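The values are calculated or read from the model by the stated rules, or taken from the named source; none is laboratory data. What you see is a predicted model; the values in this text were computed from it and never measured. Note: ideal-geometry Cβ built from the backbone for every residue, glycine included; neighbour counts use all protein chains shown. Protein only, heavy atoms only, side chains kept; ligands, DNA and RNA dropped before computing areas. Shrake-Rupley method; radii C 1.70, N 1.55, O 1.52, S 1.80 Å.
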Amino acid sequence: MIHTEIAIVGGGPAGLAAAIKAARLGAGVVLIDRNDYLGGQLIKQTHRFFGSKQQRASERGIDIARELSDEVMANEKIVVMAEATVLGYYEDGVLAVEQQGKITTIKPQRLIVATGGAEKSLLFPNNDLPGVYGAGAVQTLVNVFGVKPGNRVLMVGAGNIGVIVSYQLLQAGVEVAGIIEAGPKIGAYWVHAAKVVRAGVPIFTRHTIKCAHGEREVTGATIVQLDDNWQQIPGTERLIDADVICLSVGLTPLTEILWQAGCKMTFVPELGGNVPLRSEGLETSVPGIYVAGDVAGIEEASAAMMEGALAGLNSASSLGYTGPDLNEDRANVLEQLEALRSGHVGEKIRKGLAQAAL
Amino acid sequence: MLPLNGIPTPEDIAAVMPTEERLSKGPVAITECFQNIPCDPCYHSCKRGAIKAFTDINERPQIDFDKCNGCGSCMSRCPGLAIFVVDATYSDSEALVKIPYEFLPLPRVNQIVTAVNRAGEELGNAKVVKVQNTKAQDKTALVWLAVPKNLMMESRHFLVKEVR
């Protein structure tokens, strides 16, 4: 059994930021990630991030991943367990971890769950045909492995991910037939939308996919317009030729460990599904278990990094670690989180978080 | 309309345009940023202090057109690729439009490309005058296009004619 002061599950933006902050205060950290690299989804984000200077705005996600993981790897206080999957959390506070076929148990004094989110899917006839992908898979193929998923893509969903992945497909030389969005408005930042539209990709709001076509693989899709009550308008069907249908219809928090640990959970649609109740300091209803990033509610990576920083500071300080700048640092992170969520685009998040407060 | 189809309206554009008088004095940046989102790198990028300080990170950029000299250093810092520089004084018949560009291959100087508008519609030929792609720009190149003057407020992207 490995004993550690803080275990962090998930090496994405939240987990990395948490590890760095906790270790800087002096805490010993074990950081566990199932991939053979750190950075989580950041490594696929080739676009520049929004946010403020302190949140590394204007840097590309892939570069942020590199910087954060270099810092983590160089820190002697942090032990990184890569290619390691947390299988369960037991009543006595023990994590079971599978790494290369071997099971290890870890008993941490504090646990930070930063497992991120999982993609949602969409129900339509033939959605099991090869060629129907989640946006995350398309982004992995294109930006990590340099493989084209196909030649002509229909993107379903005009949130930030759908629009950004469309842009990255264009950069990879893949044609994007269009982006459809069932809602009345484009959910992505409008500057992202404007960028793909001027590059020749039309966005159709109030449209959904009626069915996919193809015998052995996707050859196209029928799309249809929706009325204000989300009902299909007969006669508005249109056939789109495509060999890829890419689904970008939202994420949901990956909360299994929290359920197992008995954290109080609540269903908040604005945050993507079931989320843990948490204090302002990101501690759940189970003392010593903290959350950060998408597992606590689907948001942008900049917010995940700030939440990770907060959970890292708070978990370490609860163990008695402190530093001359601790209070200032904590206040600064809280202030930045508030600023990120303060505007019109943060309205949904604010509404969601109000329902998840402990 | 931007929230419906990703295309800003003429009213949106008019609200961020410099005056004719300012345009007649030389290059100037135009921020086609129409939504209050948490983002402020443009402010930090301007060494001339031409972008007004943000009191709230969700504010939209406001350019002091008298201080802006159209250098374009804000263009490659904008995550939305939403800043353009227009120089109406480039020649008698043509204007210069600087466009942020993140596609490969980059066009060559003197290459003729097809200018497109905000809706992705082709406008006609444009000539590449310069391609800036320094390390500081971090892979967001700035392509300077010479376009007929009447298209300087329409040309916001371009298509490279060869297929890759």
| query | Carbon and sulfur: what percent of the protein assembly as shown's accessible surface (1.4 Å probe)? | reply | 51
| query | Averaged over peptide A:49-55, how many Cβ atoms belonging to another chain are found within 10 Å of each residue's Cβ? | reply | 5
| query | Roughly how many whole Å is it from the C-alpha centroid of the stretch A:83-161 to that of the stretch A:283-331? | reply | 23
| said: Can you sort B:Asp56, A:Asp228, A:Asp70 by solvent-accessible area, 1.4 Å probe, largest first? | reply: A:Asp228, A:Asp70, B:Asp56
| Once you have the alpha carbon radius of gyration of the stretch A:121-247, what is it after dividing by 2.2 N^0.38 Å, with N set to its residue count? | 0.98
| note | Filtering GluC sites (Glu not before Pro) in the stretch A:227-281 by DSSP loop and by at most 12 other Cβ atoms within 10 Å leaves A:Glu280
| said: Going by amide H atoms built from the backbone, whose H comes under 5 Å of the H on A:Gly273, apart from near neighbours? | reply: A:Val268
| task | Find the relative contact order for chain A and round it to a whole percent, using C-alpha pairs within less than 8 Å whose residues are 6+ positions apart. | result | 20
| request: Using a 10 angstrom cutoff on alpha carbons, build the Gaussian network for chain A and name the most mobile of A:Ala135, A:Ala182, A:Ala311. | output: A:Ala182
| With θ set to phi - 60° and the Karplus curve 6.51 cos²θ - 1.76 cosθ + 1.60, what are the ³J(HN,Hα) couplings of the stretch A:21-27 in order, to the nearest whole Hz, using x for Gly and Pro? | 5, 5, 5, 5, 7, x, 6
| About its Cα centre, how strong a charge dipole does the protein assembly as shown have in debye, to the nearest 20, once Lys and Arg get +1 and Asp and Glu get -1 at the Cβ? | 940
| message | Just to be sure I understand the interface: list residues from the stretch A:174-198 that lose 50 Å² or more of accessible area between the chain on its own and the complete protein assembly, 1.4 Å probe. | response | A:Trp190, A:Val191, A:Val197, A:Arg198
| note | Counting Lys and Arg as +1 and Asp and Glu as -1 over every other residue whose Cβ sits under 15 Å from the Cβ of A:Tyr90, the net charge comes to -3
| query | For the stretch A:264-280, what does the Karplus curve 6.51 cos²θ - 1.76 cosθ + 1.60, with θ = phi - 60°, yield as ³J(HN,Hα) per residue in whole Hz, taken in order and with x for Gly and Pro? | reply | 5, 10, 8, 8, 10, x, 5, 9, x, x, 6, 9, x, 5, 8, 7, 4
| field | Between A and B, accessible area buried - total, square angstrom, nearest 100, 1.4 angstrom probe | value | 3200
| field | Vicinal HN-Hα couplings computed from phi for the stretch A:240-254 (Karplus, 6.51 cos²θ - 1.76 cosθ + 1.60; Hz; Gly/Pro x) | value | 10, 6, 6, 9, 9, 10, 10, 9, 10, 10, x, 10, 9, x, 8
| request: Using a 1.4 angstrom probe on the protein heavy atoms only, line up A:Lys77, B:Lys47 by accessible area, largest first. | output: B:Lys47, A:Lys77
| field | Surface per residue (accessible, 1.4 Å probe) for the stretch A:121-247, Å² | value | 41
| message | Loop only by DSSP, 13 or fewer other Cβ within 10 Å of the Cβ. Give me the trypsin sites (Lys or Arg not before Pro) in the stretch A:160-249 that pass, ordered by residue number. | response | A:Arg216
| note | Interchain or sequence-distant (5+) residues whose placed amide H lies within less than 5 Å of the amide H of A:Leu31 are A:Ile8, A:Val79, A:Val80, A:Met81
| note | CD proxy, 222 nm, the protein assembly as shown: helix-only mean residue ellipticity via -39,500 (n - 2.57) per DSSP H run with n ≥ 4, per residue, nearest 500, stands at -6500 deg cm²/dmol
| Counting partner chain Cβ atoms within 10 Å of every residue's Cβ in B:27-40, what's the average? | 5
| request: Order the peptides A:339-352, A:91-104 from the highest to the lowest mean number of other Cβ atoms within 10 Å of their residues. | output: A:339-352, A:91-104
| remark: Checking the stretch A:6-74 for chymotrypsin sites (Phe, Trp or Tyr not before Pro) in a loop per DSSP with at most 15 other beta-carbon atoms within 10 Å yields A:Tyr37
| task | Could you work out the equivalent-ellipsoid semi-axes for chain A, taking the square root of 5 times each eigenvalue of the Cα gyration tensor, largest first, in whole Å? | result | 37, 21, 19
| Within 10 Å of each Cβ of B:2-11, how many other protein chain Cβ atoms are there on average? | 6
| request: Please work out whether chain B counts as rounded, prolate or oblate from its C-alpha gyration tensor, where a ≥ b ≥ c are the square roots of the eigenvalues and a/c under 1.5 means rounded, while otherwise a/b larger than b/c means prolate and anything else oblate? | output: rounded
